[in-house]
Amino acid sequence: MSLAAKLDEDYIVAYKSKDSVRLGVLRLLKTALKNFQVEHLRAPTDDDVLDVIARQCKQRQDSIEQYRAANRPELAEKEAAELNVLRQYMPTPLTGEELTAAIAEAVRSVNAASLKDMGRVMQALMGAHKGRVDGKDASEAVKAALQAL
């Protein structure tokens, strides 16, 4: 079953069970996917769906930080609940050891020799582990690995 079909199925379940948080998140996600389809003139693939979900997760994380900075914990909690729903559809993130091994493999695969090769290493890493690596964390780890060369 494709990820988009699973989202549709879960939407119906949330609607019937009156799970308002899950229903709201899935409704926004379905809208974002429909916008993607209209913009790109094709149905989204599973990778496209993961990209949309990752963008939604990033938006929620930014909102949580802003609400906490503005001393609005009730809104931050609402965003955190929505983020938890979205994370259920993301693949499991790489652990620290797995990330280190993946970076070493990406460095070897592109024959990186210096910090100038960071873009190629990041592209190889993010392509091989789509949705499992946070770009910010990966960037810092790749930079440290390349500086150690």
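Observations
- Extent along principal axes [Cα atoms of the range 1-86; Å; largest to smallest]: 42, 30, 18
- Taking the longest Cα principal axis of the chain as reference, the axis of helix 73-87 is set at about 70 degrees.
- The residues of the chain expose, per residue, 64 Å² of accessible area to a 1.4 Å probe.
- Over all pairs of different C-alpha atoms, the range 82-149 has a mean inverse distance whose reciprocal, the Kirkwood radius, equals 12.3 Å.
- Along the axis of the charge dipole computed for the chain (Cβ charges of +1 for Lys and Arg, -1 for Asp and Glu, origin at the Cα centre), the listed residues A5, A32, Q56 are led at the positive end by A32.
- If you wrap the tightest convex hull around every Cα atom of the chain and split its volume per residue, you get 145 Å³.
- The angle separating the long axis of helix 135-147 from the principal Cα axis of greatest extent in the chain is about 10 degrees.
- The charge dipole of the chain, taken about its Cα centre with unit charges on the Cβ atoms of Lys, Arg (+1), Asp and Glu (-1) only, comes to about 280 debye.
The values are calculated or read from the model by the stated rules, or taken from the named source; none is laboratory data. Just so it is clear, the structure is predicted and the values come from calculations on it, not from any experiment. Positions of Cβ are backbone-derived with ideal geometry, glycine not excepted, and every protein chain shown enters the neighbour counts. Side chains included, ligands, DNA and RNA excluded: accessible areas come from the protein's heavy atoms. Shrake-Rupley method; radii C 1.70, N 1.55, O 1.52, S 1.80 Å.
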